[in-house]
1. Using alpha carbons only, how many degrees (0 to 90, rounded to 10) separate the axis of helix 133-143 from the longest principal axis of the chain?
2. I'd like the orientation of helix 170-180 relative to the chain: the angle between its Cα long axis and the longest Cα principal axis, in ° from 0 to 90, rounded to 10.
3. Per the 1.4 Å probe, what fraction of the accessible area of region 30-182, in percent, lies on carbon and sulfur atoms?
4. Can you list residues whose amide H is under 5 Å from Thr101's amide H, if they're 5+ apart or on another chain and H is modeled 1.01 Å from N?
5. Solvent-accessible area per residue for region 99-254 at a 1.4 Å probe radius, Å²?
6. Under the rule that a partner needs its Cβ under 4.7 Å from the first Cβ, which Cys of the chain have none?
7. In whole Å, what is the distance between the alpha-carbon centres of region 196-215 and region 1-77?
8. Let me have the relative contact order for region 1-159, percent, based on Cα pairs under 8 Å that are six or more residues apart.
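The values are calculated or read from the model by the stated rules, or taken from the named source; none is laboratory data. Everything quoted here is computed from the prediction, not taken from an experiment. Here the Cβ positions follow ideal geometry from the backbone for every residue, glycine too, while neighbour counts run over all protein chains shown. Side chains included, ligands, DNA and RNA excluded: accessible areas come from the protein's heavy atoms. Shrake-Rupley method; radii C 1.70, N 1.55, O 1.52, S 1.80 Å.
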Amino acid sequence: MELTNLDLKIWRGDAAGGELVSYRVPVREGMVVLDAVLWVQANMAADLAVRWNCKAAKCGSCSAEINGFPRLMCKTPIAEYGDQVTVRPMQAFPLVKDLVTDVSWNYEVNKQIPPFTPSEKDASGSEPWRMQQKDVERSLEFRKCIECFLCQDVCHVLRSHDLKGVYYGPRFMVRIASLEMHPKDVLDRRPLLKGKAGVGYCNITKCCQEVCPEHIKITDNAIIPLKERMDDVYFDPVRSVIQRFSGANRKAGE
């Protein structure tokens, strides 16, 4: 169906309250949702608040909920939706105004994750590090993350239950996985996973994986392997019996 006009509904308001406001937007070929929102800002509502930057699906700034589904506005063609589109801000984070939310909590979480830590030998040596290709490819997948926080927005632990105090969320499971699975990193982050990071709160619905614009297999390749690593230390019955009878007061991860 060839569209000529679009009924674009945008949520307008702030933390005190708001409502959906309809705008009639002329549609052109190849238009994405961000184009329509920016047309409204330029022609009908100069005070409309919207965050965006690269318009190339690489900066992660224009995250929103389009017809109820978390997506990047710059990567979402109008043609996928017909003549009516509704855009709301991400629901998992405090609202600033209109389509802009305060995502600063994510950056505070990021500071709590210990950085890449090579062995003293690797850190001080002059020889180039060598890694197997499969280890390189695994790290590359995690490093594709653009920090759009759509996975955080759709995570029911954060969104529905607001348990930000006990679970870091899928974005930071990816960050921890990129460090834990790096063959040259020697720091043990399993105590963090069991404690403040709260990987046990994820119940593997894979909703985070479905909304990732970089198609990172968040659940399959990051969260599940991290759960298995944590379980090996804290919940493996065989390991527990061996530790009990050996009398060793072992540090987790040894």
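1. The angle comes out at about 40 degrees.
2. Its long axis makes an angle of about 30 degrees.
3. The C+S portion of the solvent-accessible surface of region 30-182 is 50 percent.
4. Val96
5. On a per-residue basis, region 99-254 sits at 56 Å².
6. So, Cys62, Cys74, Cys145, Cys148, Cys155, Cys202, Cys207, Cys212.
7. Here the answer is 26 Å between Cα centres.
8. Working: 230 pairs, mean separation 38.7, N = 159.
About 24 percent, as a whole number.
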